[in-house]
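All of the numbers you see were taken from the coordinates with simple rules; none came from a lab. Owing to the predicted nature of the structure, the values given are computational and were not obtained by experimental measurement. Neighbour counts run over all protein chains shown; Cβ positions are idealised from the backbone, glycine included.
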Amino acid sequence: MSDHHGAVWWTELMTRDVETAKAYYGQVCGWTWQSMPMGEDGDYHLAIRQGRPVAGMMDMSGMGTMAHVPPHWFSYFAVDDVDAAAKATAAAGGKVIREPFEIPGTGRIAILEDPTGAAMGLMTPSPDAAGA
C-alpha cells in the first residue's frame with residue numbers, strides 16, 4: 001500500500017458564485033487563484049497557497065444535473081487502484097456514479113456513493129499530481 005492510500009487528496013468547491021467564493025476564501029484562507037480554461041465547461045479555478053495548488057473550484061451554474069444541488073465541497077480520496085476500489089464500493093453496497101476515467105497529469109478518478117449514500121471521488125494520483 002502506498003503512503004498516499006486513504007489520504008484526502010483533493011477537494012473542490014462547487015458553487016454558483018465563483019467571484020464571491022474567490023473573495024471570501026482569499027480573505028479567510030489567504031488563497032490566490034489561477035484559472036484554467038476547460039472548454040465548454042468554463043474555467044476551473046485553482047486555489048494557490050505558498051505557490052502550491054491546495055483546492056479547486058468550479059461554477060456549477062450550467063450543470064443541468066446539479067440544478068437542485070446546493071453549493072458544496074467535494075473531496076477525493078487517494079487509493080492505489082481506483083478501478084479495484086470502484087468495484088469494491090459496488091460490492092459493499094455503494095454506487096458507481098461515474099466509472100473510472102483518466103485526467104492527464106492528475107490521475108485516474110471515479111465518482112462514487114459510499115454505502116451510506118455519501119458522494120465522493122476516489123483517485124489513483126499520477127506521480128506528478130499535486131495533493132495531500
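Tabulated data for the structure shown
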| quantity | calculated |
| --- | --- |
| Degrees, to the nearest 10: 82-91 long Cα axis against longest axis of the chain | 60 degrees |
| Extended-chain gain in nm, criterion 0.36 nm per residue less alpha-carbon gap, residue 116 and residue 19 | 31.6 nm |
| Residue among 85, 23, 55 with the largest mean-square fluctuation in a Gaussian network model of the chain, springs linking Cα atoms under 10 Å | 23 |
| Cα pair distances exceeding 12 angstrom across segment 17-59, given as percent | 56 percent |
| For the chain, the fraction of alpha-carbon pairs in successive 10 Å shells from zero, as % | 12, 40, 36, 12, 0 |
| Size of electric dipole in the chain: Cβ of Lys, Arg +1 and of Asp, Glu -1, about Cα centre, debye, nearest 20 | 260 debye |
